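Structure first, then comments.
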Amino acid sequence: MRRFDLRSLRFGDASEIWRRVPVEVDPFVYGGLSYEVPDGFVDLELCAARVGDSVTLTAEFETPVSGPCQRCLGDAEVIVEARGVEYVRHGDSEGAEEDEEGYVTSSIVDLGRWARDLIAEELPPKLLCRDECRGLCAACGADLNVEPEHRHDEA
């Protein structure tokens, strides 16, 4: 699922409703390299809290993000804990700037884009295979993690 229709929520007497929603998240480029979440989905917990004709949406999830290490290009994985809040009034995002598009339009929440943006906000400055990754040799591209004594003779 990428989009969620807020009109499907039936509050009744409740002021809050919780839903667990599998959300499709496309692979994305970060630091010039491609990263993805397992199976392309996150298990998002969506809370909708109603006050009058306004709704506060809270999205929370935890997911691994995997792709190449930004130093040695080996496999890297980081666990991302993401949380975001979106305010909705009369079916549209509240407080969106003129050039900024909100996540809700006509009662439809773009959960895929919202989840992807939440992941991006929580990523570390560099995704590494490990903190002490030595990277690649600038001269020949040898993996310095595999060959820690690697050197080039200077002429």
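The values are calculated or read from the model by the stated rules, or taken from the named source; none is laboratory data. The structure displayed is predicted, hence computed values, not measured ones. Neighbour counts are summed over all protein chains in view; Cβ atoms, including those assigned to glycine, are modelled from backbone coordinates with ideal geometry.
Quick notes
- Filter pass, residue 52 being farther than 30 Å from residue 137 by Cβ, loosely packed, with under 15 Cβ neighbours inside 10 Å and at pLDDT below 90: yes
- Filter result (in a loop (DSSP other than H, G, I, E, B) and modelled with pLDDT under 90) within segment 104-124: 106, 107
- Only listed residue being part of a helix (DSSP H, G or I) and either of a type in the set (Asp, Glu) or within 19 Å of residue 85 (Cβ to Cβ) (or both), chosen from 39, 26: 39
- Among (1) modelled with pLDDT of 95 or more; (2) touching a Leu at 6+ places or on another chain (Cβ under 8 Å) - the single one residue 79 does not satisfy: (2)
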